[in-house]
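Any read-out appearing in this document is the output of simple, stated calculations on the displayed coordinates, not a laboratory observation. The structure presented is a predicted model; accordingly, all values stated were derived computationally and were not measured. Virtual Cβ from ideal backbone geometry, glycine too; neighbours counted across all protein chains shown.
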Amino acid sequence: MRAEGEPNLRVVAHNGVHLHLAEAGPDDGPLLILLHGFPEFWYGWRHLIGPLAGAGYHVVVPDQRGYNLSDKPHQICAYRLDQLAGDVIGLADYFGAPRLFLAGHDWGAIVTWWVAQTHPERVARAVTLSAGHPAVWKWQMRHDPVQRRLSRYVRVFQLPWLPELAIRRNHFKLAVDAVCDGAAPGSFPDADIARYRVAWAQKGALRGAVNWYRALWREPLAPPSSYRVRPPMLMLWGERDKYGTAQLGAKSIALCDDGRLEIIAGGSHWLLRDEPEEVGARMRAFFGA
């Protein structure tokens, strides 16, 4: 039993990669894997690890491949959705969990959608925050002018090396501005920003993070109506999310056999930072804690 709020940090090897992760809660508790998004790392879940571990879950929060201290394959194809989902299932296998609870924010939510769809027998329940099903997102980027405008950076990220150079400039100013966007005074202290800068400075980390976008653009996804998601799903969406339209949520939930969309009033894209107590309460209620 690990102390609440004090995650252990270690590296495990599975699915052909070494994944650095934070771990908290009882070893014999239900496995709950939390997935971060862009441009974060495991620390993005810092406000929720302790409360979820205290609720009895064995909480595992990896740096996803390409980020911080995890392996960073060079090839774009190493970041395809099946590979990212394979990392999650690999962690579940490593910890001996035939079924798991799963939650993801931003890109972590996209992986959560894909795991729930492609490995439904392994997912007890799943929560997604601030991102829709990948097929819906890609479809909307191509066919909805508003979403195309909000996601125009995704096309810029298809360029070789230039996005990484731009993010690195001025001590990672673009990345700092992104994660601090809309933050209330004091909610993102300098010490936290320093930790993020260390993570971004890891060799190959920026290339790995941007390669997620490059891989998705090359992913041969079918139209959204071709997909069904069978496990129970809860989608949390911030009312003030600047990166996606409400249609992303509605069209994604429409793919679910058992899903519901909950809007967090006044919430931004960064729900884990701005609304951790609200998010934690809704997650625990949905998971049955």
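Descriptive notes on the structure:
- The eigenvalues of the Cα gyration tensor, multiplied by 5 and square-rooted, give the range 168-232 an equivalent ellipsoid with semi-axes of 32, 18, 11 Å from largest to smallest.
- Sparsely packed trypsin sites (Lys or Arg not before Pro) within the range 14-109, loop by DSSP, other Cβ within 10 Å at most 10: none
- From least to most packed, judged by other beta carbons within 10 angstrom and beginning with the fewest, Leu102, Leu21, Leu9 follow the order Leu9, Leu21, Leu102.
- Sorted by Cβ neighbour density within 10 Å, fewest at the top, the residues Tyr79, Tyr243, Tyr94: Tyr94, Tyr243, Tyr79
- Of the trypsin sites (Lys or Arg not before Pro) found in the range 238-289, the ones in coil according to DSSP and having at most 16 other Cβ atoms within 10 Å of their Cβ are Arg240, Lys242.
- The range 86-120 and the range 258-289 have Cα centres separated by 18 Å.
- Percent RCO, i.e. relative contact order, over the chain, from Cα pairs under 8 Å lying at least 6 residues apart: 20 percent
- For the chain, the spread of Cα coordinates along the three principal axes comes to 45, 42, 40 Å, biggest extent given first.
- Computed over the range 20-136: relative contact order in percent, which uses C-alpha pairs under 8 Å that are six or more apart: 28 percent
- Farthest positive-ward along the range 127-174 dipole, Cα basis, beta-carbon charges - from Met141, Trp161, Ala131: Trp161
- Partners for Lys173 among lysines (Cα-Cα distance below 26 Å; same-chain residues under 8 apart left out): Lys72, Lys203, Lys242
- Summarised in one figure, the compactness ratio Rg/Rh of the range 67-120, Cα atoms and Kirkwood Rh, is 0.96.
- A helix-only calculation puts the chain at -12500 deg cm²/dmol for mean residue ellipticity at 222 nm, using -39500 (n - 2.57) for each DSSP H run of at least four residues, averaged over all residues.
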